[in-house]
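Below you'll find the structure, written out as C-alpha cells, and then a few comments.
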Amino acid sequence: MPNHSNEELVSQIESSNKRKYFLEKLSEKVFLFCSLLSVISLLLIIGFVFYKGTHPFFAEGYSFIEFIFGLDWVPSEDKFGILPMIVASIFATIGALIIGVPIGLFTAIFLAEIAPKSIARIISPAVQLLAGIPSVLYGVFGLAIIVPFLQNHLGLAKGQSLIAVILVLAIMMLPTIVTVAETSIRAVPKTYREGSLALGASPIGTIFKVVVPAAKSGIMAAIVLGLGRAIGETMAVILVAGNSLVLPTSLTDSIRPLTTNIALEMGYAFGTHQEMLFATGIVLFSFILILNLVLAKIGSKGGK
Amino acid sequence: MNTTKMDRNKGNEQQIQNKISVNDLNLFYGEKQALFSISIDIREKGVTALIGPSGCGKSTFLRTLNRMNDLIDGVKISGDIVIDNENIYRSNDVIKLRTKVGMVFQKPNLFPMSIYDNVAYGPRMQGIKSKKVLNQLVEDSLKSAAIWDEVKDRLKSSALGLSGGQQQRVCIARAIAMKPEVILMDEPTSALDPISTLKVEELIANMKKDYTIVIVTHNMQQAARVSDKTAFFLNGEIIEYANTETIFSMPKDQRTEDYVTGRFG
C-alpha cells in the first residue's frame, strides 16, 4: 500500500506533467500557425492574381485565346496579345539553359569530383556568392559590359537583345545549378566510385557512366530550379532586354519577356489594362507551376 | 641428400607459382604508418586469407594490391609489390592493373542500373561493344558466380532489387566479367546473412581453381573453411603466414594463437 507522502508526490508529478503536456500542445500549435502562414500567403497571392487576371475574360468578353495568341499589345487601342512575350520568355530561358546547364554541370562535377580541396575552397564560395548578388546588379553588369560588347562586336544598332538576356540569365542560373548538382553528386555513395574504378574504369569514365547517372534526379532538379530562376527573373532582364514588343525572330532582336511586361507597366496601368497584366502573371505562374510539377515528379522518381 | 634436393625443387616450384610477391611494403596515411615492412608471397590459384583484429591493416594491405589506396589523399607507399613479374607501383597503368586484379567489396556496391548493365560495365569500359560478345560474357560471368539461374529472367531489371546475398554474388560476377587473374575480397560476407554467406563461400571454393583469391575476413571459421594459406595481421605487421591448417592448429607465435583461439580481437 502506498503511504500518504508517496501519494502526494505522485499527484505533484501528475500536475507538473499536465503543465508539460499543455506547453507541448501549445508549442505545436504555434509551429503549425507559422508554417500555415506561407500556405496562406501562397493561396492569397494565387487567389488575388487569378481573381484580377481572369476578370476580363469572364466579365468583359475578352477572348483568352486571342490574349495568348495575339501578336499586338497596345493597351490604348484595347489590344492585348502576349504571344511575343511568351515566345520571348521561352526563347530566353531555353537559350540560357543551353549555355548555363553544361557550364553549371561541369563546374559541379569539377568541384565535387576532380578539384583538389584547395581549389574547390576558392571556387565553391565564389559560386555561392554569385547567388547572393542582387539581380539588379546582374542587370547593371549586363548593361555596362555585355550590351556594349554586343553593340561593338556584332554591329548591332542596339545591344539590348535576346542574346544579352540569354547571357545574363545563363550567369544567373549558374549558382543554382552548381549548388544543387554538386550536392547531389556528392551524395552519390563512395562505394559506386570505388566499384567502378576497381573494374578498371578511368576516373572520367566513372564520372559519366556511374556518378552522373546515379545523381541524375538531383541534376534534373538543378536544371529545373535553374529554369525557374531564369523564367521568373525580372529586374536584370528589364535592363538588357530592350523591351520591344516584337515576336523575336533572331538572337539580336530586342525582346520583352512576360516578367518585364508586368514590371514595366503595372505602375501606371488601370482598369482592363491592369487586369491584363495580372492575366500575364497567370501565364507566368502557370509556367512556374508546370516546372514545379516536373520537379516533384523528378523528386519522387529519385526517391525510388 | 635426396630429400634436400627434392625440397629445393619443391621450393622452386613454389617460387614459380607465386602470383604476387610483396617485399618490404610500408604504407603511411600522412604521418601515421599503417603497414610495417610487409613481405609476403601469394600463390597462384588458391585462396589466401588475411585475418586480424579491426584496424590491423589487412584491408589497407589488400587495397595496395590493386592500388585502391591511390584514391586516398596523403597515402605514401614504399617497397615493392610484384604481380606477374611487374612492379605495380612502377607502372602507371592503373587501369590495366585493375582489369587484372578485380575486387569485391565489403558491402555489395552494384550500380543503380540493370543486372545486365552492371556485369557488362567493366567490359564496356574496356571498349567491348558487340552485343553478342557482351551477352555471352554476362551469361558466363553470372554462371561462374552461381547466380545465373536466379537472375536470368530479370537481367534487365534493376540490380538493386536483389537481396544482399544475390547482390554480392552479382558483384563477384561483375569482377569475373573482367576476366581477372586475381580477385581481392574485402570481407565479402560481413554484410550477409548466414545462408548467403555459405553460398558465397561455396562460390569462393569453386573459383579458386581459376583465380588467385585474396580474402580479408573477420570471421576465423570462414578463413579456416575457404583458405589454403592464412596471414595473421596485427598492428600493421604480418605476425605469421603459413598454411591455414598450421595457423589454426599449431601457430608458432603466441599472439596468433591468442587471436585464433579467441582470446582477443
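The values are calculated or read from the model by the stated rules, or taken from the named source; none is laboratory data. This one's a predicted model, so the numbers in the text were calculated from it and none came from an experiment. Here the Cβ positions follow ideal geometry from the backbone for every residue, glycine too, while neighbour counts run over all protein chains shown.
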B:M178: passes all of (1) farther than 30 Å from B:G57 by Cβ; (2) buried (at least 22 other Cβ atoms within 10 Å of the Cβ) but (1)
For residues that are at the interface with another protein chain (Cβ under 7 Å from one of its Cβ atoms) and either farther than 12 Å from B:P180 by Cα or among the polar types (S, T, N, Q) (or both), tally how many sit in the range B:96-112.
6
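Per-residue answers, yes or no, for (1) assigned to a helix (DSSP H, G or I); (2) in contact (Cβ under 8 Å) with a residue 40 or more places away in the chain:
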residue	(1), (2)
A:L44	yes, no
A:G47	yes, no
A:F50	yes, yes
A:T54	yes, yes
A:F57	yes, yes
A:G61	no, no
A:F67	yes, yes
A:L71	no, yes
A:P84	yes, yes
Answer residue from the range B:181-194, given it is under 12 Å from the mean Cα position of the chain (by Cα) and more than 11 Å from every other protein chain (Cβ to nearest Cβ) and is surrounded by the fewest Cβ atoms within 10 Å (Cβ to Cβ) among those
B:E181
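Considering each of A:G104, A:G100, A:G142 in turn, give the residue that is of a type outside the set (A, V, I, L, M, F, W, C), over 29 Å from A:I204 (Cβ atoms), touching a residue at least 24 places away in the same chain (Cβ under 8 Å) and assigned to a helix (DSSP H, G or I). Please lay out each step first, then the result.
On the way: A:G104 fails: over 29 Å from A:I204 (Cβ atoms); A:G100 fails: over 29 Å from A:I204 (Cβ atoms).
Selected residue: A:G142, the only one of A:G104, A:G100, A:G142 that is of a type outside the set (A, V, I, L, M, F, W, C), over 29 Å from A:I204 (Cβ atoms), touching a residue at least 24 places away in the same chain (Cβ under 8 Å) and assigned to a helix (DSSP H, G or I).
Would you point out which residue out of A:I119, A:I133 is more than 19 Å from A:A241 (Cα to Cα), at pLDDT 90 or above and within 20 Å of the chain's Cα centre (by Cα)? I'd like the intermediate steps shown before the answer.
Details: A:I119 fails: within 20 Å of the chain's Cα centre (by Cα).
Answer to the selection: A:I133.
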Quick check: anything in the range A:212-228 without any contact (Cβ under 8 Å) to a residue 40 or more places away in the chain, surrounded by fewer than 20 Cβ atoms within 10 Å (Cβ to Cβ), within 14 Å of chain B (Cβ to nearest Cβ) and part of a loop (DSSP other than H, G, I, E, B)?
no
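Which helices (runs of 4 or more DSSP H) sit wholly inside the range B:21-129 and have at least 1 residues that are farther than 17 Å from B:E237 by Cα?
Details: elements: B:58-64, B:94-100, B:115-125.
The helices (runs of 4 or more DSSP H) meeting that bar are B:94-100, B:115-125.
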Has the range A:186-206 got any residue that is crowded, with 20+ Cβ neighbours inside 10 Å, touching a residue at least 40 places away in the same chain (Cβ under 8 Å) and assigned to a helix (DSSP H, G or I)?
no
Just a yes or no: is a residue in the range B:182-201 within 10 Å of B:I115 (Cβ to Cβ) and hydrophobic (A, V, I, L, M, F, W, C)?
no
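Within the range B:151-180, track down each residue that is among the polar types (S, T, N, Q) and either within 13 Å of chain A (Cβ to nearest Cβ) or in a loop (DSSP other than H, G, I, E, B) (or both).
Initially, the range B:151-180 is screened for residues among the polar types (S, T, N, Q), giving B:157-158, B:163, B:166-168.
Those that are among the polar types (S, T, N, Q) and either within 13 Å of chain A (Cβ to nearest Cβ) or in a loop (DSSP other than H, G, I, E, B) (or both): B:S157, B:S158, B:S163, B:Q167, B:Q168.
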Can you give me the number of residues within the range B:116-146 that are more than 20 Å from B:I183 (Cα to Cα) and hydrophobic (A, V, I, L, M, F, W, C)?
3
